[in-house]
Amino acid sequence: MKQLSTLLIAVFLFTAITPTKAQVNTQDSLALVDLYDSTGGPNWTINTNWLTKAPVSTWWGIGVDSDNRVDSIELSYTGLVGTIPSSIVNLTQIRYLTLDGNSLTGIIPTSIGNLTNLQVFSLEYNQLSGSIPTSIGKLTNLLHLTFAANQLTGSIPTSIGNLTNLRNMYLYGNQLSDSIPSSIGNMTNITDLELNNNNLSGSVPASMNNLTNLVYLFLHENQLSGTIPSIGNLTKLTDGVIASNKFTFAGMEAIAKNSAFQIGNRYAPQATVPLLQNNTDTTLSVSVGGTPANDTYKWYNSGKLIATIKSDSTYRPTSNGQYYVVATNAVATQLTLYSDTITITNLPIKSINLQAKETNGQVLLQWQTIDELNTASFIIQHSTDGATFSDIATKEAVCSGNNGYSFIDKLPAEGINYYRIKAVDKDGASSFSKVVSVQLTVNRLPFTVVPNPVRDVAMIRGSHIASVQVIDNKGNLVKVISLHDATNPTLSVSNLATGVYYLHIKTSDGEEKVISFVKQ
């Protein structure tokens, strides 16, 4: 095919024909043949007169100016398959280059900036990849630019701001990333700007306020965030969509006043707003911007509305669950912001300043609660080692307001006693207070059996216990337990008959004591 193409060009150049049918120059002819060969010309849906003796001006989709230079290529939806040859940049007089709706792959030639006479450059709906060449900024005569619906990546080059004559720019439907360059504010003649459906991030540049001729603005389906009040000053806008980004109410109040954004959902929805949790007091908060007096927050726990708060974006959970907030704004009425969901577990106990003190061989516990809500009960727990706790009593919660509670442990152990409060909510969730301790002196505590009466297992409250004998009410020895300086040992009595029994307790330091208990 290459040999045939070269032969044909030679024929074009040297065959004598009338002046009205003069052929284009060699440079343009070679570039057209290369385009034909590189994009499957024989298989195009229409390729009338291509690579024939007919004048180039009669080839399908080709226009020639009065100087016999290629002036336009319009081969949209013609079945081009392959890559754009780099030789296309030799068509230095071309003004219209339109290759939409084909199956072109590869990159946009980096030397495309040589086509300085281009006024229309359209490559949309192909499969082009790579980045937008920075040389695009040399095409200062461009009026229409579209690379939409391809697979372009990378940033929008800063040089794009050189296209000050541009009227329309369509870059939607690619994978462009990074921020919108501030140089875009130089394109003051632009009327239609469509950057939607990319991965653009960062703030909308304030320089966009310069685009006072904008009629259509589409920025939706990106990752844009920050404030965008300048868009609200674009008074010629008749249609604009900025939905599906990360915008909050900051700037939306100004945008909402723009008539272009009062048609349907032009700025909603937006991405979810991060829900933040204070690690100190579990307070939840969101940042949605806007004038605080215009904002309303509806807080939900596990799908149930639990609070509606105006102006204040914080909330302190009172029970465990899955929390999220829905925010609305009195001015930007079309936008509702939804937060992420945070699961709250093990809320800090509502009791504060838990205290313990020894009084006549007993331990007095006192604690207070603040803003009680949803609390069912408080379980008092005891430990002799500070690690393993057991329940010794339960207090019913008032379940509202600020309250004070107390409990007396009448049977503490000899030595150090540790205590904590377990708060149990109505939904079954629980949390714990700080641990407090109190020391009791040796021999201050009497030996006791708890519980008494006992059904299965009892605890012998006391320390330094060496042995225990169980004697029935007839004086018969029914059980012997050998210990070694034990504290608060347990005693199984499930196999004993119902009745009164006596414990003969001996300590490691020679003390003996007899106490009684009832077996149920």
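The values are calculated or read from the model by the stated rules, or taken from the named source; none is laboratory data. Bear in mind the structure is a predicted one, so any value in this text is a computation, not a measurement. Note: ideal-geometry Cβ built from the backbone for every residue, glycine included; neighbour counts use all protein chains shown.
Kindly provide the set of residues from the stretch 468-507 that are of a type in the set (D, E, K, R) and under 60 Å from the mean Cα position of the chain (by Cα), ordered by number.
Asp485
Right, Leu373: surrounded by 13 or more Cβ atoms within 10 Å (Cβ to Cβ), touching a helix residue (DSSP H, G or I) at 6+ places or on another chain (Cβ under 9 Å) and at pLDDT below 90 or not?
Working: surrounded by 13 or more Cβ atoms within 10 Å (Cβ to Cβ): yes; touching a helix residue (DSSP H, G or I) at 6+ places or on another chain (Cβ under 9 Å): no; at pLDDT below 90: yes.
In short, no.
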Practice problem: Answer yes or no: is there a residue in the stretch 430-451 that is closer than 15 Å to Asn353 by Cα and polar (S, T, N, Q). | Solution: yes
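Does the stretch 250-275 hold any residues that are modelled with pLDDT of 90 or more and assigned to a loop (DSSP other than H, G, I, E, B), and which are they? Write out each step before concluding.
Filtering the stretch 250-275 down to residues modelled with pLDDT of 90 or more leaves 269-275.
Across the stretch 250-275, the qualifying residues are Pro269, Gln270, Ala271, Thr272, Pro274, Leu275.
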Practice problem: Mind checking which strands (runs of 3 or more DSSP E) fall wholly inside the stretch 431-491 and carry at least 1 residues that are over 21 Å from Gln381 (Cα atoms)? | Solution: 465-472, 477-486
Quiz prompt | Count of residues meeting criterion [in contact with a Lys or Arg (Cβ under 9 Å, 6 or more places away or on another chain) and outside any strand (DSSP E or B)] in the stretch 398-418 | solution = 5
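Of these, Ala250, Ala254, which one is in contact with a helix residue (DSSP H, G or I) (Cβ under 9 Å, 6 or more places away or on another chain), of a type outside the set (Phe, Trp, Tyr) and under 17 Å from Pro274 (Cβ atoms)?
Numbers: Ala254 fails: under 17 Å from Pro274 (Cβ atoms).
Criteria check complete, one pass: Ala250.
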Self-check item: Val215 vs. criteria assigned by TED's automatic domain parsing to the domain that holds Gly232 and surrounded by fewer than 22 Cβ atoms within 10 Å (Cβ to Cβ)
Solution: yes
Quiz item: Is one or more of the residues making up the stretch 421-430 part of a strand (DSSP E or B), buried (at least 16 other Cβ atoms within 10 Å of the Cβ) and in contact with an Asp or Glu (Cβ under 9 Å, 6 or more places away or on another chain)?
Solution: yes
Quiz item: Residues of the stretch 276-305 being assigned to a strand (DSSP E or B) and either touching a Lys or Arg at 6+ places or on another chain (Cβ under 9 Å) or at pLDDT 90 or above (or both), which ones?
Solution: Leu276, Leu284, Ser285, Asp295, Thr296, Tyr297, Lys298, Trp299, Tyr300, Asn301, Lys304, Leu305
Quiz item: So which of Thr235, Thr153 ends up being at negative phi and modelled with pLDDT under 95?
Solution: Thr235
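Filter the stretch 153-166 for residues that are surrounded by fewer than 17 Cβ atoms within 10 Å (Cβ to Cβ) and either touching a Pro at 6+ places or on another chain (Cβ under 6 Å) or within 19 Å of Asp100 (Cα to Cα) (or both) and give the result.
Those that are surrounded by fewer than 17 Cβ atoms within 10 Å (Cβ to Cβ) and either touching a Pro at 6+ places or on another chain (Cβ under 6 Å) or within 19 Å of Asp100 (Cα to Cα) (or both): Thr153, Thr158.
When you scan the stretch 199-206, do you find a residue that is of a type in the set (A, V, I, L, M) and at pLDDT below 95, even just one?
We begin by selecting, within the stretch 199-206, every residue of a type in the set (A, V, I, L, M); these are 200, 204, 206.
Narrowing the set further to residues that are at pLDDT below 95 leaves 204, 206.
Yes, that holds for at least one residue.
If you take the residues of the stretch 340-362 that are assigned to a strand (DSSP E or B) and in contact with a Lys or Arg (Cβ under 7 Å, 6 or more places away or on another chain), which of them is modelled with the lowest pLDDT?
The first filter runs over the stretch 340-362 and keeps only residues assigned to a strand (DSSP E or B), leaving 342-344, 351-359, 362.
If we keep only those that are in contact with a Lys or Arg (Cβ under 7 Å, 6 or more places away or on another chain) as well, we get 354, 362.
Numbers: Leu354: 85, Gln362: 82.
By that ranking, first place goes to Gln362.
When you go through Asp37, Asp67 one by one, which is the residue that is more than 30 Å from Ser177 (Cβ to Cβ) and in a loop (DSSP other than H, G, I, E, B)?
Asp67
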Quiz item: Right, Lys236: over 18 Å from Val331 (Cβ atoms), under 23 Å from the mean Cα position of the chain (by Cα) and of a type in the set (Lys, Arg) or not?
Solution: no
Quiz item: Among the listed residues Ser57, Ser76, Ser111, which satisfies the condition of being under 19 Å from Phe147 (Cβ atoms) and either surrounded by 16 or more Cβ atoms within 10 Å (Cβ to Cβ) or touching a strand residue (DSSP E or B) at 6+ places or on another chain (Cβ under 9 Å) (or both)?
Solution: Ser76
